[in-house]
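Here's the structure we're looking at; comments come further down.
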Amino acid sequence: MAKKKTKSFKKKKVKLLEIRKGDIVEIIHGNDRGKHGKVLKVYPRSQRLIVEGIRFIKRHTKPTQQDQKGGIQEREAPVHISDVMLICPNCGAKTRIGHHFLEDGTKVRVCMVCNEMIDNR
């Protein structure tokens, strides 16, 4: 009798995302194309983020002790990071993100349109 082969599960490498919580982004693909919103939550492992007021879905919920009313609730669903573009707080244009190092060695995000720092830190 032959041994069964077992799958070896490797840990998925988490790519650092350029878009962070609190950034203003514009949707560039999908039904909500052209809309702007603030990033509420980022999921780096699945490369998705939740944007305020974008991609609403309906959830059917049962009444619980915390939520006395059940029914249909609308809330935002995650959007893939490739479907959004950052809006520069300085020039207001949608832009790609570059990186520069300051004199003290800290890495900061930079707007590729106006070459200004995006980070407030």
Within region 23-50, of all residues that are assigned to a loop (DSSP other than H, G, I, E, B) and among the charged types (D, E, K, R), the one nearest to CYS111 (Cα to Cα) is ASP23
Residue set PRO44, PRO89; condition out of contact with any strand residue (DSSP E or B) (no Cβ under 9 Å at 6 or more places or on another chain), within 27 Å of HIS29 (Cα to Cα) and not hydroxyl-bearing (Ser, Thr, Tyr); output residue PRO44
Among (1) farther than 17 Å from GLU26 by Cβ; (2) surrounded by 14 or more Cβ atoms within 10 Å (Cβ to Cβ), GLU103 falls short only on (2)
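Matching residues to (1) surrounded by 11 or more Cβ atoms within 10 Å (Cβ to Cβ); (2) in contact with a Ser or Thr (Cβ under 6 Å, 6 or more places away or on another chain); (3) in contact (Cβ under 8 Å) with a residue 40 or more places away in the chain; (4) of a type outside the set (D, E, K, R):
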| site | (1), (2), (3), (4) |
| --- | --- |
| GLY22 | no, no, no, yes |
| ILE28 | yes, no, yes, yes |
| ASN31 | no, no, no, yes |
| VAL42 | yes, no, no, yes |
| ILE50 | yes, no, no, yes |
| PRO63 | no, no, no, yes |
| GLY70 | yes, yes, no, yes |
| VAL79 | yes, no, yes, yes |
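FYI, it's all coordinate maths here, none of it is from the lab. Predicted model only: the values in this text are computed from it and were never measured. Note: ideal-geometry Cβ built from the backbone for every residue, glycine included; neighbour counts use all protein chains shown.
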